[in-house]
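Data first, discussion second: the structure below is written as structure tokens.
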Amino acid sequence: MDKQLKTATLCVQAGYEPKNGEPRVLPIVQSTTFKYDNTEEMADLFDLKKEGYFYTRLQNPTNDAVARKIAALEGGVGAMLTSSGQAANFYAVFNICEAGDHIVTSNEIYGGTYNLFGVTLKKLGIECTFVNQDASEEEIGRAFRPNTKALFGETISNPGCKVLDIEKFARIAHAHGVPLIVDNTFPTPVNCRPFEWGADIVTHSTTKYMDGHATQVGGCVVDSGNFDWDAHADKFPGLCTPDASYHGLTYTTAFGKMAYMTKLVAQLMRDLGSIPSPQNSFLLNLGLETLHLRMSRHCENAQRVAEFLQADPRVAWVRYSGLPGDESHALAAKYLPSGSCGVMAFGLKGDRQTAIQFMDSLRLVAIVTHVADARTCVLHPASHTHRQLSDEQLREAGVAPDLIRLSVGIEDVEDILDDIRQALDKIA
Ligand SMILES: *Cc1c(COP(=O)(O)O)cnc(C)c1O
């Protein structure tokens with residue numbers, strides 16, 4: 001892929017280059033398997049000696065084309081699609097961690113990831129320490145142990161809307177000999193490319209803006225190829241010592257910069273199997289083709305809505321990094337100069353019931369367990385996505401009980417504002 005091409009061009013064209021007479025549009029290769037003329041050819045594929053398709057759990061032309069597009073957009077050496085964002089974050093960590101290991105993560109993360117790291121990974125013997133991402137390098141550094149294998153954060157946290165100081169996190173991770181994994185779901189590579197700031201691995205819930213139409217659940221893991229696993233070989237035996245399940249092959253020796261990606265596909269996807277269907281990857285690709293157009297409209301509309309909410313006396317607080325007084329404004333100016341995303345958080349003056357009354361009065365804006373698609377939507381995390389967290393855990397995860405998460409879509413902003421205005425009038 002030509003890395004010289006601009007983001008908008010990559011959104012439209014990257015990943016799939018049809019040859020003479022082939023379909024102009026990425027075809028859906030809805031086939032579990034692929035045919036070969038002799039046994040030896042197939043054997044070479046199983047031995048990872050040759051690249052080629054044999055079974056869709058491992059590789060599929062439609063899935064791979066979309067993965068290549070996302071890798072090009074992020075500026076990575078390779079990417080792998082998964083069946084959900086949850087699977088992407090699990091795979092990204094589990095590719096370099098096993099029982100007895102430990103990770104450090106910001107506590108400002110998506111509720112599903114918070115549970116995955118704090119509860120489910122623990123059952124697999126992987127411990128997790130949650131840190132305040134705004135703490136000093138020294139303080140965050142104190143969370144690291146000899147068995148720590150990764151540092152994790154979200155470029156823009158869901159639902160707290162805080163911007164991560166990626167360079168600071170990269171310095172801390174690298175000082176401790178581990179990679180920085182960044183979930184870049186909210187800004188997308190259109191608005192931020194974490195590899196340019198030192199992140200080593202990027203993950204996505206492609207369910208959100210990348211798809212943008214709420215038609216498929218999906219995820220993606222992208223590798224920068226920059227982390228030197230062999231320099232910390234004692235920490236990463238899975239990459240730097242022979243894999244018994246692959247004839248004693250050592251990933252770093254055999255695949256260099258593609259070591260992490262190859263292990264991810266050849267070992268984790270082989271064994272755990274959370275692949276997207278080719279049909280879903282096709283839908284994701286349609287979304288990606290307009291991502292650059294949609295992101296700028298999401299940001300434009302969200303800025304107007306955030307300013308409107310901030311000026312309304314019935315609104316207690318607004319969190320949107322585009323607002324000059326926002327605590328993430330300076331970080332957003334650095335990492336997200338062309339805009340952040342359409343998601344914001346705010347609270348109304350009053351109690352929990354006020355929030356519910358406001359939400360129930362909305363007409364155009366729908367209550368859904370979703371964010372980041374073309375339609376404006378709203379959610380109350382304390383009673384929806386985060387309801388399994390205690391009040392203390394809620395606060396630790398940066399979610400105030402009165403927090404309303406608003407995902408501003410790409411409708412005409414005047415219609416969005418009218419709907420919010422009439423719903424506010426109902427509570428006044
Ligand atoms: C939604 C989301 C996830 C989980 O993705 P799914 O596709 O719903 O599994 C992970 N991280 C962030 C930041 C998200 O917004």
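Observations
- Probe 1.4 Å, accessible area per residue of the chain, Å²: 41 Å²
- Hull shadow area, averaged, region 283-428 [alpha-carbon convex hull, nm²]: 9.2 nm²
- Straight-line cross-link partners of K50 among the aspartates and glutamates, defined as a Cα under 19 Å from its Cα and at least 8 positions apart when in the same chain: D37, E40, E41, D64, D243.
- Per atom type, region 1-138 shows carbon and sulfur on 51% of its accessible surface, probed at 1.4 Å.
- Anisotropy class of region 325-391 from Cα gyration tensor, a/c 1.5 cut: prolate
- Cα centroid separation, region 409-428 to region 211-239 (Å): 40 Å
- Efficiency of FRET between K349 and A254 - r from beta-carbon atoms, R0 45 angstrom, step 0.05: 0.15
- Model label points for K49 and E392, set 7 angstrom from Cα along the Cα-to-Cβ axis, are 5.9 nm apart.
- Mean-position separation - Cα centroids, region 54-100 and region 8-29, in angstrom: 20 Å
- The simple Förster model, with R0 at 41 Å and r as the Cβ-Cβ distance, assigns K426 and T120 a FRET efficiency of 0.50.
- Among the trypsin sites (Lys or Arg not before Pro) in region 239-285, none sits in a DSSP loop with a Cβ that has at most 14 other Cβ atoms within 10 Å.
- Among P276, P179, P337, residue whose mean-square fluctuation peaks in a GNM of the chain (springs only between Cα atoms under 10 Å): P337
- If you model the chain as an ellipsoid using its alpha carbon gyration tensor, with each semi-axis the square root of five times an eigenvalue, the axes come out at 37, 26, 18 Å, biggest first.
- Applying both filters, DSSP loop and at most 11 other Cβ atoms within 10 Å, to the trypsin sites (Lys or Arg not before Pro) of region 327-418 gives R363, R387.
- Stretched out straight at 0.36 nm per residue, the stretch from Q30 to T215 would grow longer than its current Cα-Cα span by 64.8 nm.
- Net charge of neighbours whose Cβ lies under 12 Å from the Cβ of M258, counting Lys and Arg as +1 and Asp and Glu as -1: 0
- Listed by chain and number, the lysines whose alpha-carbon sits under 26 Å from that of K235, ignoring those within fewer than 8 places in the same chain, are K122, K123, K149, K168, K257, K263.
- Sequence-distant contacts, meaning Cα pairs under 8 Å at least 6 residues apart, place the relative contact order of region 218-279 at 25 percent.
- Three-way shape label, region 74-209, alpha-carbon gyration tensor, a/c 1.5: rounded
- Shape of region 1-130, Cα gyration tensor, a/c cut at 1.5: oblate
- Available extension along the chain between V12 and R145 is 43.5 nm, counting 0.36 nm per residue and deducting the alpha carbon span.
- Structural descriptor for region 243-367: relative contact order 17 percent, calculated from alpha carbon pairs under 8 angstrom and at least 6 residues apart.
The values are calculated or read from the model by the stated rules, or taken from the named source; none is laboratory data. This one's a predicted model, so the numbers in the text were calculated from it and none came from an experiment. Every residue, glycine among them, receives a Cβ derived from its backbone with ideal geometry; neighbour counts consider all protein chains shown. Surface accessibility is based on the protein's heavy atoms, side chains included, excluding ligands, DNA and RNA. Shrake-Rupley method; radii C 1.70, N 1.55, O 1.52, S 1.80 Å.
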